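Comments concern the structure below.
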Amino acid sequence: MNFIPKGILPAMITPLTKGGKVNEKALRKLIKYLLDGGVHGIFAIGTTGEFYALSEEEYRDVLTITKDEVKGRVPVYAGANHITTRGSIRLAQIAEEVGVDALSVLTPMFISPSQDQLVKHFTDIAKSTKLPILLYNNLPKTGVTITAATAAKLAEIPNIVGIKDSTGDMTLTAEYIRLTRGKNFHVMIGRDTLIHACLCYGGTGAVAACANVAPRLVADIYDKFMAGDRAGSLEAQFKLAPLRIAFNLGTFPTVIKEALELIGIEAGPCFDPVGPMSAEEREQLKKILKEMGLLS
């Protein structure tokens, strides 16, 4: 398995119509905007893409549209996230049928599996597909974590090629990297304020929600770092920080969708019960976007 997850992968939103249907036209325009912004892959139907709200038919449709629009220019990653092992396997099979390049698999949520049960969960999913798999750890959202020792054990499975860590715990991220050195296993950050830090530790990139709104700026953190411009990379990271910190202005992921709408990119609403931002919150977001040069 030679696949290496790397670069900046926007954790892409799922654009919706006012009636709550997948908006194909807006999805294609968003993908074009992201690719023009210099991202290194497209990450569809993750947490930011509201995976929890999509039917299997909608899941297949979004992946099919995404793959068609990308046209092989960058890898397409698909979330295969479910509470149960069999649910994730079913989504992995759909994604493989569509022809995506890699999968991301979140820990189960709501339930509280042990580390041994997580090893079996991810092992069974890996055995069900030929696609490379990026583990996804997001303790703040799921209440379940993948320990560094568990990640090192799962790194022995040929098609488990890395992990996305959205905990915000840089010590844990660093332990993932330290314990898997020398293996075909790559660590990406899922916390947009820590992209530069992850690269400094030896990580290979980020799955970044902010890249929906500011793809060029987020890509600069990675591109400048890889070019040896550490100061430029850090400056881009600092410039991005206010947007990520602004996520607490509304219920996730409404801030990302409303920011896109403000800069002229159709995103639509979130699935209910996630509602829009208040007028006051929106004004705060506008101010941040203006200060970042994203809104005139």
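Could you list all residues from the range 199-216 that are under 30 Å from residue 261 (Cα atoms) and either out of contact with any Lys or Arg (no Cβ under 6 Å at 6 or more places or on another chain) or without any contact (Cβ under 8 Å) to a residue 60 or more places away in the chain (or both)?
Scanning the range 199-216 gives 206, 208, 209, 210, 211, 212, 213, 214, 215, 216.
Being surrounded by fewer than 19 Cβ atoms within 10 Å (Cβ to Cβ) and part of a loop (DSSP other than H, G, I, E, B) is the filter here, so list the residues in the range 174-203 that pass it.
Those that are surrounded by fewer than 19 Cβ atoms within 10 Å (Cβ to Cβ) and part of a loop (DSSP other than H, G, I, E, B): 181, 182, 183, 184, 202.
Residues of the range 204-242 being surrounded by fewer than 16 Cβ atoms within 10 Å (Cβ to Cβ), under 27 Å from residue 183 (Cα atoms) and small (Gly, Ala, Ser), which ones?
227, 228
In the range 130-150, how many residues are closer than 25 Å to residue 98 by Cα and surrounded by fewer than 20 Cβ atoms within 10 Å (Cβ to Cβ)?
1
Filtering the range 3-38 down to residues that are within 17 Å of residue 63 (Cβ to Cβ) and β-branched (Val, Ile, Thr), which residue is surrounded by the fewest Cβ atoms within 10 Å (Cβ to Cβ)?
Of everything passing the filter in the range 3-38, 22 is surrounded by the fewest Cβ atoms within 10 Å (Cβ to Cβ).
Please specify each residue of the range 93-119 satisfying the condition of being outside any helix (DSSP H, G or I) and surrounded by fewer than 16 Cβ atoms within 10 Å (Cβ to Cβ).
Hits for the range 93-119 are 99, 109, 110, 111, 112, 113, 114.
Of all residues in the range 263-296, which are assigned to a helix (DSSP H, G or I) and surrounded by fewer than 17 Cβ atoms within 10 Å (Cβ to Cβ)?
Selection gives 279, 280, 283, 284, 286, 287, 290, 291.
In the range 120-173, what count of residues is obtained for those that are of a type in the set (A, V, I, L, M) and either touching a residue at least 40 places away in the same chain (Cβ under 8 Å) or assigned to a strand (DSSP E or B) (or both)?
Filtering the range 120-173 for residues of a type in the set (A, V, I, L, M) gives 125-126, 131, 133-135, 139, 144, 146, 148-149, 151-152, 154-155, 157, 160-161, 163, 170, 172.
Among the residues that remain, those that are also either touching a residue at least 40 places away in the same chain (Cβ under 8 Å) or assigned to a strand (DSSP E or B) (or both) are: 125, 133-135, 160-161, 163.
Number of matching residues: 7.
Kindly indicate whether any position in the range 151-158 is at pLDDT 95 or above and surrounded by 24 or more Cβ atoms within 10 Å (Cβ to Cβ).
Of all residues in the range 151-158, those at pLDDT 95 or above come to 151-158.
From what's left, surrounded by 24 or more Cβ atoms within 10 Å (Cβ to Cβ): 151.
Yes, that holds for at least one residue.
The values are calculated or read from the model by the stated rules, or taken from the named source; none is laboratory data. Since the model is a prediction, treat every value here as computed from it, not as a measurement. As a convention, Cβ positions derive from the backbone with ideal geometry for all residues, glycine included, and neighbour counts pool all protein chains shown.
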